[in-house]
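Novice: Before anything else, here's the structure in question.
FYI, it's all coordinate maths here, none of it is from the lab. Keep in mind that this is a model prediction, so the values were computed, not measured. FYI the Cβ positions are ideal-geometry reconstructions off the backbone, even for glycines, and counts take in every protein chain you see.
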Amino acid sequence: MAARSAMAAAIVVAAIFYGAYAPDRVEKIAPQAGALAHRLHDWAFGAPKPDVAVAQAPRGPQPIVVSVATVKRADFPITLQGLGQAQAYASVTVRARVDGQILKIGFTEGQDVKAGDLIAEIDPRPFTAALDAAKARKEQDEANLGNAKLDQARYASLAKQSYATQQQLDTQNALVNQLVATIAADDAAIEGAQTQLDYATIRAPISGRAGLRLVDEGNMVSAAQQTGVVTLAQLEPIAAIFTAPETQIGAINAALAAGAPAITVKNGDGKTLATGKLIVVDNQVDPSTATVRLKAEFANADHALWPGLALSTSLTIGVDRNALIVPAVAIQHGQKGLYVYVVDAADHAQLRNVEVAEQTIDAVVVTKGVKEGERVVTTGLFLMQPGAPVQVDATLGGS
């Protein structure tokens, strides 16, 4: 009897829980118990909220947040981009021109020296002795010449009186001329000895920055030695060597004939280092690369350029007057060519195929496809589709 009561109680509890979880099914099976089942459901789980989503009207696509830039007219510089390298305007390896021992080094590594400054001093004593010997030989020959001239005068007087033969006079005349020539050779020897003595003092041939010292005091140097004392590099001004395509030689020469074209150089990080001028175009094209070498000059007062520094160059060879200009980031590449997205008055994006002429890293000259004053999309392009609604956000940039 107790077992039957327990089973009946379990069935009642199960029915209560089933009714709480599934009141709609209870109502279908036992309509009289449906209301009780719904009350149990609301007591256990709370009353259901109205489905507001069903009541809402369907929404369209969300606008794409973009930034835009206005198509403008302006003078656009026509530039040639290239790669180059800075090099000293003049570079000299200072070498010894005589043999001897270095007694003194007259510069400090990394020092700015001027033309004529002392670089090194070689032991001058052998050259001083050679100069003194040359001067002594000249004095000896001058004394002999003086005596020969006296004899010449005597023979001339005796020949007039027939006390000396004409042959004796001619011989004496030849001796005088010989001694005159010997003295001229002595003068040359003295000048040569003086030059050798001057070479014992090594001076800077140009103004520039001294590099690392290549020889120390006390070492022997030779005129035949290839290793110098130091290398001097002229940094103010400084030069840059770069290349341009052979197809642009005509335009470059025309710009050079009209005046030195301006050139801007940047380092590998894109930082502008200096602005200078083109000074020469090489006299031949490199057939292996179809390029021509160019040389530019920079004042370099701040020493921003250094010999050997790799550079990216931008040479201005002309100006496109009153051109339509858009930012380079607005230009996209597609299967049908280049295109941009233009934002119309209703803030919808319209795809426009365009044609371009000159371009730089930052801007492009458009010859067909857009008009002055139109707005082109510069950011948010990866989400863009023709006819898509857009929302212009001025905080993202653009102009």
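Novice: Calculate, for E236 and T93, the FRET efficiency according to 1/(1 + (r/R0)^6) with r their C-beta to C-beta distance and R0 30 Å; round to the nearest 0.05.
Specialist: About 0.95, to the nearest 0.05.
Novice: Still on this structure, please answer the following. Rounded to whole Å, give me the distance from the Cα center of region 257-298 to that of region 98-139.
Specialist: 41 Å
Novice: What is the local net charge at Y155, summed over the other residues whose Cβ is closer than 12 Å to its Cβ (Lys, Arg +1; Asp, Glu -1)?
Specialist: +1
Novice: Sticking with this structure for a sec: With a point put 7 Å past each Cα toward its Cβ, work out how far A299 is from Q332 in nm, to one decimal.
Specialist: Here the answer is 4.6 nm between the modelled labels.
Novice: Okay, moving on. Give the cross-link partners of K104 among the aspartates and glutamates, using a straight C-alpha distance below 16 Å as the criterion and excluding same-chain residues fewer than 8 apart.
Specialist: Partners found: D117, E121, D123, D198, D216, E217.
Novice: Of K266/K336; K72/K266; K336/K371, which pairs sit farther than 25 Å apart, going by alpha carbon to alpha carbon?
Specialist: Details: K266/K336 34 Å; K72/K266 27 Å; K336/K371 20 Å.
Result: K266/K336; K72/K266 exceed 25 Å.
Novice: Let me ask you something else. So for the pair D286, A185, with labels modelled 7 Å out along Cα→Cβ, what separation do we get in nm?
Specialist: Placing both labels 7 Å beyond Cα along the Cβ direction yields 5.5 nm.
Novice: Between F382 and S157, what length comes free when the chain is fully extended (0.36 nm per residue of separation minus the Cα-Cα distance, one decimal in nm)?
Specialist: Length difference between fully extended and current span is 69.3 nm.
Novice: Among the aspartates and glutamates, which have Cα under 12 Å from the Cα of K368 when same-chain residues fewer than 8 positions away are ignored?
Specialist: Result set, ordered by chain and number: E355.
Novice: Work out, step by step, the length gained on full extension between A310 and A346: first 0.36 nm times the residue separation, then minus their alpha carbon distance; give nm to one decimal.
Specialist: My answer for the length gained is 8.0 nm.
Novice: What ranking do 130-143, 149-162, 240-253 get when scored by the average of other Cβ atoms within 10 Å per residue, highest first?
Specialist: Put in order of decreasing packing, that is 240-253, 130-143, 149-162.
Novice: Sticking with this one: Quick check: convex hull over the Cα atoms of region 98-221, volume per residue in Å³, rounded to an integer?
Specialist: Once divided by residue count, the hull of region 98-221 is 104 Å³.
Novice: Could I ask something else about it? Between D362 and I249, what is 0.36 nm times their sequence separation minus the Cα-Cα distance? Round to one decimal in nm. The partial results should precede the final answer.
Specialist: Numbers: separation 113, 0.36 × 113 = 40.68 nm, distance 2.47 nm.
Gain in length upon complete extension: 38.2 nm.
Novice: Could I ask something else about it? What FRET efficiency, computed as 1/(1 + (r/R0)^6) with R0 = 25 Å and r the Cβ-Cβ distance, is obtained for D198 and T108, rounded to the nearest 0.05?
Specialist: According to the calculation, E is roughly 0.60.
Novice: Which lysines have a Cα lying under 18 Å from the Cα of K138, excluding residues fewer than 8 positions away in the same chain?
Specialist: By straight Cα distance, K138 reaches K149.
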